Amino acid sequence: MVSTTPESQQDADGSSAPPGGPARIEAHGIDHIPDSERRGRPRELFSVWAAANVNYLSLVIGGALVLMGLSLWQALAVIVVGNLLWLLTGLLAIPGPAAGAPSEVITRAVYGVRGNRVNNAITGWLISVCYFALNLAAAATAAFALVEKTGLPLNTGVQAAVVVVIAAATLTISVYGHALIVRLYVPITLALTAVFAVVAAYVLRGADLSYTPEAPLTGTGLWATLLAGVTLIGSGPLSYTTSADFSRYLPRTSKARAIIGWTATGAFLPSVVVSSLGALAATAVDMSDPQSALGQMLPGWFEPVFLLALVLGTIAINALTAYSAGLALQAVGLRIRRTLSVLVDGAVAVALTLYALLVSDFLDTVSDVLQLTVVLLGPATAVYAMDIVLRRNRYDGAALGDERPGSAFWYTGGFNLAGVAGLGAGVLVSALSVNTLYTGPIAQALGGVDIALPAGLVVTAVVYAVGARKKVGG
């Protein structure tokens, strides 16, 4: 049986704290949460996901849909459809209370003990760190604009200091962990809602609600762009296969429907609103440079407030990313404290961000690569969701924590062949159907229409259901 090293049981000032207090560093890592430490209600998940989805990248993506050639109403429809995938994020959250374990452990049921280590190394850690770097770069760009407004010189040293300060604030939240996230994200949600309500008022005043491009897309070109837009929007919810990380402290009696509803709604509503604001703004200004473009629509006195909100929203989303990446690093097999694993993730992300912003265009390369993550994340989401459905969300947390050969989830040599086959089939079909950095043969046969997302989801679910139904059902 493997357990993580417990953290210090003290407040920030050195005094003792009650179990689960927001001022205490979280004691648990990937180990099982006993019933005596379960607390809270599913509705607290709303603010956790809402705060993380009022962010700069949603504005950028919303504006990008119009730049891709869609009309305003086509872009808004794509935004709604793509964000419906948050329902899968909600579904993936319900095993948390059932097992008292994070997603990084629950997926041992899907891939086997050894197979899950590979899964966590790639989908859990590597992709999370890349997203951390991208979001950190976005926050730093907004912070750089704030620094310029103060009159300070924006030299290399100042830029590096800004990146480090933002990362430090993010990692502090991640290190203190679950209780602080739950407590802190309520006021963050309220503050960001107030700021973006003001943004919405000014954007709606200048937007062209009847906007259509000069040369409207038709036929295959239109369908290709619509599907590409849904994939772009859907990459957000698909990147959170770790939603059980934030529900695992709820009592095991928590209703699955409530967990799905509060998680999905908390992410869906702000994502739709903020992305829609980006699309609306793109009907009036050039959103290829979103920060400058929105500056033209907002009053001068409000711009610093808006920039601060962009930084705060990015800190919120990155704190969740770093928290889960830290758990993934433990689940890979490293015997380190959760706090240290979070700091390792942050150090790697800061190094990537500084290199990208100050030395080369590396972040552009990372961004391009992440466009292809749907090839992996779509199937990874589908196989996990299908396992939840087949098992009817019945997971034994203690058995999931046992990594010894011959344990319940050891399967064949440490691999669940059904899970590996389902994921492999889905990734293969997605890779053949993609049309981003390259055009796969299936996309080419369809005239450039990228069906990687739906194809990967469906093929993975079917292959895993066929391979695992009897074993899981039993």
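Observations
- Residue in segment 218-241 that is within 13 Å of G63 (Cα to Cα), among the aliphatic types (A, V, I, L, M), modelled with pLDDT under 95 and open to solvent by less than 20 Å² (accessible area, probe 1.4 Å) present: yes
- L209 over 30 Å from I127 (Cβ atoms), among the hydrophobic types (A, V, I, L, M, F, W, C) and open to solvent by 30 Å² or more (accessible area, probe 1.4 Å): yes
- Condition check for L432: closer than 21 Å to N119 by Cβ and of a type in the set (A, V, I, L, M, F, W, C): no
- Among the residues here, R257 qualifies as at pLDDT 95 or above, charged (D, E, K, R) and outside any loop (DSSP other than H, G, I, E, B).
- Number of residues in segment 81-105 that are under 20 Å from E44 (Cβ atoms) and part of a helix (DSSP H, G or I): the value is 11.
- The combined condition, being more than 22 Å from P187 (Cα to Cα) and touching a Pro at 6+ places or on another chain (Cβ under 6 Å), is fulfilled by S254.
- Spans of helices (runs of 4 or more DSSP H) in segment 386-474 with at least 1 residues more than 28 Å from the chain's Cα centre (by Cα) and not acidic (D, E): 441-445, 452-473
- Residue check for R117: in a helix (DSSP H, G or I), under 30 Å from F409 (Cβ atoms), open to solvent by 10 Å² or more (accessible area, probe 1.4 Å) and charged (D, E, K, R): yes
- The set of residues in segment 116-146 that are in contact with an Asp or Glu (Cβ under 9 Å, 6 or more places away or on another chain) and hydroxyl-bearing (S, T, Y) contains only S128.
- Qualifying residues in segment 292-331 (those that are open to solvent by 10 Å² or more (accessible area, probe 1.4 Å) and under 12 Å from the mean Cα position of the chain (by Cα)) - the one farthest from V342 (Cα to Cα): I317
The values are calculated or read from the model by the stated rules, or taken from the named source; none is laboratory data. Predicted, not measured: the structure shown is a model, and the values here were computed from it. Please note: Cβ atoms are built from the backbone with ideal geometry, for glycine as well, and neighbour counts cover all protein chains shown. These area figures cover heavy atoms from the full protein model, side chains too; ligands, DNA and RNA do not enter into them. Shrake-Rupley method; radii C 1.70, N 1.55, O 1.52, S 1.80 Å.
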